[in-house]
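**Student:** Take this structure first; my questions come after.
Rule-based calculations on the coordinates, nothing more; no lab input. Quantities reported herein were computed from a predicted structural model and do not represent experimental measurements. No Cβ is skipped: glycine too gets one built from the backbone with ideal geometry, and neighbour counts run over all protein chains shown.
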Amino acid sequence: MSKKDLCVRVARWALLLQEFDCTIEHRSGKAMRHVDALSRNLPKIMYIREDNSSLVARLSNAQRDDKTLTQIIESRKHGKQEGFLRNIPKNAIPLETYYIHHLGPIPSTQKSYAHILVVVDVFTKFTWLYPTKSTSAEEVINRLSKQAVIFGNPCQIVSDRGTAFTSKSFKKYCADEKIEHILIATGVPRGNGQVERINRIVIPVLTKLSAPHPETWYKFVDRVQQYINSSMSRSTGLSPFELLIGKNMRLKDDLELKQIIEDETILLLQEKRETLREQAKIAIEKVQKENQRVYNRKRKRPNTYSIGDLVAIKRTQITPGSKLYPKYLGPYQIIHVLRGDRYVVSKVGEHEGPRSTTTSSENIKRWLVNECDSNVDTSGEDTDNEDGHQGPMPLQNGRDVGPTENV
């Protein structure tokens, strides 16, 4: 009210208020929202009518009334993907568990190398890379046997279901060496996640080192292995070499530097190694919990199935020209329940797909038998429907029940 120059509208109110003995206080607009809302008169609504004449509304109604479209929509898995990330307990002992995997095929070389056998120690992340001419079990056994001469045998080996790892000779090798062999479920590469992470590093580095002669990539595999084992791991905060041996890898570049710290005695080295491994174990568990929390945020509790349930399994092998093929194969019958929401299923009747396989709950949905599909027999025989379709269509309705392999 002490302003000298007032606009006419404000001046009129100033003159009016001079008749009263009052104090004017300012209140910000944020504190006056309720007054602002009450001062507006909303138009009176006497009648609300839903307009179904638009194209979108007519399409929505037509889709809802169409039984075939309704069946297709119900057969899809909705919402978050099933299954939580399960951490594998890790002991603070190096060389106890190996993850192995074949990387390739890579352009063949003059020595006929076409693949790389990747071996990763679960605890230290120490990695071995072996160029191989094939993915045969004989080559895998040969490489592991030579490695065992220096490092001994692990207690466990985790691998995918490649032909080399499911062969009788590899099973016999593991049995003779008293090694527990764990096979991950088909279509779940995260079960062998540490090896998959190494694969994403190996190919780009080999590509850069072997340019402009990519057929000579095998000459640089040792350097890539050295680079991986001397680089710090995010989960441990140490390099795999330091965690395994107890000191940093001494490369030729380091020879030019002055040796400032004297070599530790074997006793001190052993104490340091034990301390580093205990710290690494804590760091790994911390990263695992964080990864588990982030991963599970987008997941939901998996449906469970019992032995004898009819299910459809997701097509995991995508080949050229298969985009229009059904996304799920079936019916299959649950014949064995494994740990970690994994199941062994067997084909019912004659249709596309493997006769028997291992899969996870996220790649399964219940096979709902309709009245028109009641001719399906869980004993392994089924008949064709009138429309030529073998067996019932897979639908995802209701809740599934049952118990809970490995990675």
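**Student:** For segment 97-251, what ratio Rg/Rh do Cα atoms give with a Kirkwood hydrodynamic radius?
**Tutor:** We get a ratio of 0.95 for segment 97-251.
**Student:** Hey, another quick one. Separation between the Ser134 and Glu274 pseudo-spin-labels, each 7 Å from Cα along Cα→Cβ, expressed in nm?
**Tutor:** Distance between the two pseudo-spin positions: 4.8 nm.
**Student:** Moving on. I'd like to compare 343-350, 279-286, 359-366: which one has the highest average count of other Cβ atoms within 10 Å, and what's the full order after that?
**Tutor:** 359-366, 343-350, 279-286
**Student:** Which length gain, in nm to one decimal place, applies between Met32 and Ser60 when the Cα-Cα distance is subtracted from 0.36 nm times their residue separation?
**Tutor:** 5.7 nm
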